[in-house]
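Down below is the structure, laid out as structure tokens.
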Amino acid sequence: MPDKSKSKAKVKEVPAELRGVIDQIEGDIVVVAFDDEQTLDWPRRFVPEDAKAGDAVIVRIAPADDAHWSGASEAAGKISLGKQTLQMPGGIVTGPSALSIEIDAEDTAARKERVRGLIDDIFKKK
């Protein structure tokens, strides 16, 4: 019988991430609305300086350090960040965790184009 361990393909683990959009910026708070309908009030100091309302973002698990918004991860992918909790897809290690946020310029452009198309459909001349 052949050794099955050698014939198995390696599965690449994909890091847990959430995608969304910056809904608004209110002083020191950036409100992020995620595609799964969660929202999070993100401290401005942990968001890229050039971020603006309407930018698409990707949020990922990051090292717990001073450069990232840190909290504690719980069972089933929940991360507690002060009084807020965010549900990450997939499993994560419990204990100290942090989140990183980055602007996704390509997705921002695609979302804007999709909205322009919807507006054009609404106001299309017959």
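Things to note:
- Nearest 10 degrees, 0 to 90: helix 105-122 Cα axis against the chain principal axis: 40
- Cut-off 17 Å, label 7 Å out along Cα→Cβ of residue 72, residues of segment 98-121 by amide N: 98-99
- Springs join every pair of Cα atoms under 10 Å in this Gaussian network model of the chain, and among 112, 78, 52 the largest mean-square fluctuation is at 112.
- Computed from the Cα positions only, the extents of the chain along the three principal axes stand at 69, 42, 23 Å, in decreasing order.
- The charge dipole of the chain, taken about its Cα centre with unit charges on the Cβ atoms of Lys, Arg (+1), Asp and Glu (-1) only, comes to about 640 debye.
- Spin-label model, residue 16 to residue 35: label points 7 Å out along the Cα-to-beta-carbon direction sit 1.7 nm apart.
- Summed residue charge, Cβ within 12 Å of residue 118's Cβ, Lys/Arg positive, Asp/Glu negative: +2
Read the figures in this text as sums done on the coordinates, not as results from a lab. Just so it is clear, the model here is predicted, and its values are computed rather than measured. For neighbour counting, all protein chains shown are included, and Cβ atoms are generated from backbone atoms with ideal geometry for every residue, glycine included.
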